[in-house]
1. For the stretch 109-133, how many residues are assigned to a helix (DSSP H, G or I) and either modelled with pLDDT of 95 or more or closer than 17 Å to residue 94 by Cβ (or both)?
2. Name the single residue that is farthest from the chain's Cα centre (by Cα) among those in the stretch 115-126 being open to solvent by 20 Å² or more (accessible area, probe 1.4 Å) and closer than 23 Å to residue 103 by Cα.
3. Residue 139 passes all but one of (1) over 18 Å from residue 74 (Cβ atoms); (2) open to solvent by less than 10 Å² (accessible area, probe 1.4 Å); (3) not polar (S, T, N, Q); which number fails?
4. In the stretch 80-114, which residues are within 15 Å of residue 143 (Cβ to Cβ), touching a helix residue (DSSP H, G or I) at 6+ places or on another chain (Cβ under 7 Å) and of a type in the set (Val, Ile, Thr)?
5. Considering every residue within the stretch 17-24, establish whether at least one is at pLDDT below 95, polar (S, T, N, Q) and more than 19 Å from residue 120 (Cβ to Cβ).
6. Looking at the stretch 90-100, is at least one residue out of contact with any His (no Cβ under 7 Å at 6 or more places or on another chain), closer than 14 Å to residue 59 by Cα, open to solvent by 60 Å² or more (accessible area, probe 1.4 Å) and not aliphatic (A, V, I, L, M)?
7. Since residue 171 meets every condition but one in (1) under 27 Å from residue 100 (Cα atoms); (2) at pLDDT below 90, which condition does it not meet?
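The values are calculated or read from the model by the stated rules, or taken from the named source; none is laboratory data. Since this is a predicted model, take the numbers as computed values, not measurements. We place every Cβ from the backbone using ideal geometry, glycine too, and count neighbours over all the protein chains shown. With ligands, DNA and RNA removed, areas are computed over all heavy atoms of the protein, side chains included. Shrake-Rupley method; radii C 1.70, N 1.55, O 1.52, S 1.80 Å.
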Amino acid sequence: RIHNYEVNGVRSDVEYSEAHGFNRTLWRGSNSARCASKCRYRRRSVELSAMSEIVVRKAELRDVPAVYELIQPYVDENIVLQKDLVVLYESMRDFAVVEVDGRVVGCGALHVLWRDLGELRTIAVEPGMRGHGIGYRLVEFLLAEAREIGLSRLFCLTFETDFFARHGFEPVAERVID
């Protein structure tokens, strides 16, 4: 089945995927080539030991300052939208965080837009922790939450199309609605 919907003036036709139980759609940014060159972070070498404890959980109010600091490198690169602390506090119930040995190193949100439509947003992993499966675990946690609450369609607005493709999302063309 094909579903049509509009978010922020962009319309999408989404095909339902039986394989994943709900739709996973993403929109590629119109400026993705520019972003790809800007997304190269200086990465400090971080090793996870076999003894490292990795926990993915729903965010709590005490996590807001860490989430705010975590998204700042992405805000500075125009990859994630700036969020004031008050907005993070207001939307904290949408967020999940990943902790490694008690330190928040990843965050992301599942935002419900309609009875069956949700958006993954503000996905961020500490630059030095990228490549260790932190983002993968985070998105899987959010997808499980989407299934649990009954969402049948999901999308995300992202430049990281390859990452989200590994979770079953497919790029769709963006079209501006007059």
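1. 0
2. Among those that are open to solvent by 20 Å² or more (accessible area, probe 1.4 Å) and closer than 23 Å to residue 103 by Cα, it is 126.
3. Every listed condition holds for residue 139 apart from (1).
4. Once the filter is applied, which keeps residues that are within 15 Å of residue 143 (Cβ to Cβ), touching a helix residue (DSSP H, G or I) at 6+ places or on another chain (Cβ under 7 Å) and of a type in the set (Val, Ile, Thr), the stretch 80-114 yields only 98.
5. Scanning the stretch 17-24, I find no residue that is at pLDDT below 95, polar (S, T, N, Q) and more than 19 Å from residue 120 (Cβ to Cβ), so the answer is no.
6. Yes, there is a match, as at least one residue in the stretch 90-100 is out of contact with any His (no Cβ under 7 Å at 6 or more places or on another chain), closer than 14 Å to residue 59 by Cα, open to solvent by 60 Å² or more (accessible area, probe 1.4 Å) and not aliphatic (A, V, I, L, M).
7. Answer for residue 171: the failing condition is (1).
Let's see how each residue does on (1) surrounded by 21 or more Cβ atoms within 10 Å (Cβ to Cβ); (2) touching a residue at least 24 places away in the same chain (Cβ under 8 Å):
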{"residue": "106", "(1), (2)": "yes, yes"}
{"residue": "109", "(1), (2)": "yes, yes"}
{"residue": "113", "(1), (2)": "no, yes"}
{"residue": "154", "(1), (2)": "yes, yes"}
{"residue": "162", "(1), (2)": "no, no"}
